[in-house]
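Heads up, the thing below is written out as structure tokens.
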């Protein structure tokens, strides 16, 4: 215990900086777009098509008070039948291809598909192999791909905003 207290005294208090203005503007813009396009909360069904769970950790970070996903009007749903968008992570494993297609078909039109991470966008380090079909676009149509391994929560919010903007323009 004494060693820990000495270390704290040497290093001092370490904390994250306060939210910057860019994040606040992104949250405000996202909230306005959701209200304008949907008139209610955006319902997202998240699908893990074979990822390493790095992207899922970043998606989960969106639920903390800093990003306040629910406050922006975004919620995750348990059924694709209630979803407006699919948030798909990982390269599509051969075992998940049929389940991903069924999930896509069960999502009502008009639907958005967001490929998360390098694996979802292009297959990432896994690529196409005997066990993987690679990118999500190889299995279902993709509206927006969010690069990164894993993408930051801010990049995820920007990707969701881009998908909503794409839906609003069509």
Taking region 50-68 and keeping residues part of a loop (DSSP other than H, G, I, E, B), touching a residue at least 40 places away in the same chain (Cβ under 8 Å) and surrounded by fewer than 16 Cβ atoms within 10 Å (Cβ to Cβ) leaves 66, 68
Name the pairs whose Cβ atoms lie under 8 Å apart, with the first residue in region 16-39 and under 25 Å from residue 169 (Cβ atoms), the second surrounded by fewer than 10 Cβ atoms within 10 Å (Cβ to Cβ) and at pLDDT below 75, and 6 or more positions between them or separate chains? none
Considering only region 69-90, I want to know if a residue exists there that is without any contact (Cβ under 8 Å) to a residue 40 or more places away in the chain and either on the phi > 0 side of the Ramachandran plot or surrounded by 22 or more Cβ atoms within 10 Å (Cβ to Cβ) (or both). yes
The condition from (1) surrounded by 11 or more Cβ atoms within 10 Å (Cβ to Cβ); (2) modelled with pLDDT under 85 that residue 16 misses is numbered (1)
Mind listing whichever residues of region 100-112 are more than 10 Å from residue 139 (Cβ to Cβ) and either touching a helix residue (DSSP H, G or I) at 6+ places or on another chain (Cβ under 6 Å) or in contact (Cβ under 8 Å) with a residue 40 or more places away in the chain (or both)? 103, 106, 107, 110, 112
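The values are calculated or read from the model by the stated rules, or taken from the named source; none is laboratory data. All values reported here derive from a predicted model rather than from experimental measurement. Methodologically, a virtual Cβ is constructed for each residue, glycine included, from the backbone with ideal geometry; neighbour enumeration extends over all protein chains shown.
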